[in-house]
Amino acid sequence: MDKHGIDTVIIGEGEYEKAVEIYRMALQGKKLPKFVELKPSECPTLNEISEIKHASVNGLVEIGRGCPRGCKFCSVTLRPLRWYPYEKIEKELKVNAEAGINSGVIHAEDILLYGQSGVIPDEEKQIKLNKFAKRYYKNLSWSHASFAAVASKPKLMEELSEIILDEHQSWWGQRWE
């Protein structure tokens, strides 16, 4: 880590108080631990995760944290599953849009599982999420979607493509210009 100028590695979510204390220590020039692993129980609640105040990089808007799959090899699935309410997502989309961002990414471990505690997408939630994201972004991308979720609802994918692909967007993905 020293070779690459890395002082500390924190595994976990950065809003939790233990991580915030590490940031304070760094700003004060104090000696930092090399490695900190936050426990799954040391995750912020939805209310503790602040909303963006200025445009985000690449127009990225997080829609949730965690994953319902429960894979034992993955630290994300060990943390609590939290989906942001539509109102919080829309506020962040507005922040980006008001800053002139008209292309962006909605982000979660699996976009298609938004609002679910299981692994099958909910058509109504997906249609609502993507429709209002398209109101703010001419070009909309997803950070992650699993093949399993796509395969479980092929008709939903057709419906979502009709929402996402329009006169402003002829492809589905992220184009970096």
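Values quoted throughout were computed directly from the atomic coordinates according to the rules given, and no laboratory measurement underlies them. None of these values were measured; they are calculated from a predicted model. Glycine gets a Cβ as well: all are built from the backbone with ideal geometry, and neighbour counts include every protein chain shown.
To the nearest 10 degrees, how steeply does helix 17-27 sit against the main Cα axis of the chain, on a 0 to 90 scale? For 17-27 against the chain, the angle is about 60 degrees. In the chain, helices alone account for a calculated mean residue ellipticity at 222 nm of -9500 deg cm²/dmol, with every DSSP H run of four or more residues adding -39,500 (n - 2.57). For region 108-150, list residues with backbone N below 18 Å from a point placed 7 Å from the Cα of GLU167 toward its Cβ? Answer for this model: 134-140. Relative to the longest principal axis of the Cα atoms of the chain, helix 154-164 runs at roughly 90 degrees.
The candidate values were (1) 17.3; (2) 17.9; (3) 16.8; the one computed from these coordinates for Kirkwood radius over Cα pairs in Å carries the label (2).
Its relative contact order, with pairs defined as Cα atoms under 8 Å and 6+ residues apart, puts the chain at 17 percent. Taking the Cα centre of the chain as reference, the dipole from Cβ charges on Lys and Arg (+1) and Asp and Glu (-1) amounts to some 420 debye. Cβ crowding within 10 Å ranks VAL20, VAL119 as VAL20, VAL119, fewest other Cβ atoms first. Length gained on full extension, ALA99 to VAL119: 3.7 nm, using 0.36 nm per residue less the C-alpha separation. Remark on the chain: CYS43, CYS67 stand apart, with no other cysteine beta carbon under 4.7 Å. Among 131-141, 149-159, 101-111, 84-94, sorting by the average number of other beta carbon atoms lying within 10 angstrom of each residue, highest first, gives 101-111, 131-141, 84-94, 149-159.
Relative to the longest principal axis of the Cα atoms of the chain, helix 123-136 runs at roughly 80 degrees.
The distance between label points at GLU87 and GLU48 comes to 2.2 nm (points 7 Å beyond Cα on the Cα→Cβ vector). Partner lysines whose Cα lies under 29 Å from the Cα of LYS153, excluding those fewer than 8 positions away in the same chain, are identified as LYS72, LYS88, LYS91, LYS125, LYS128, LYS131, LYS134, LYS138.
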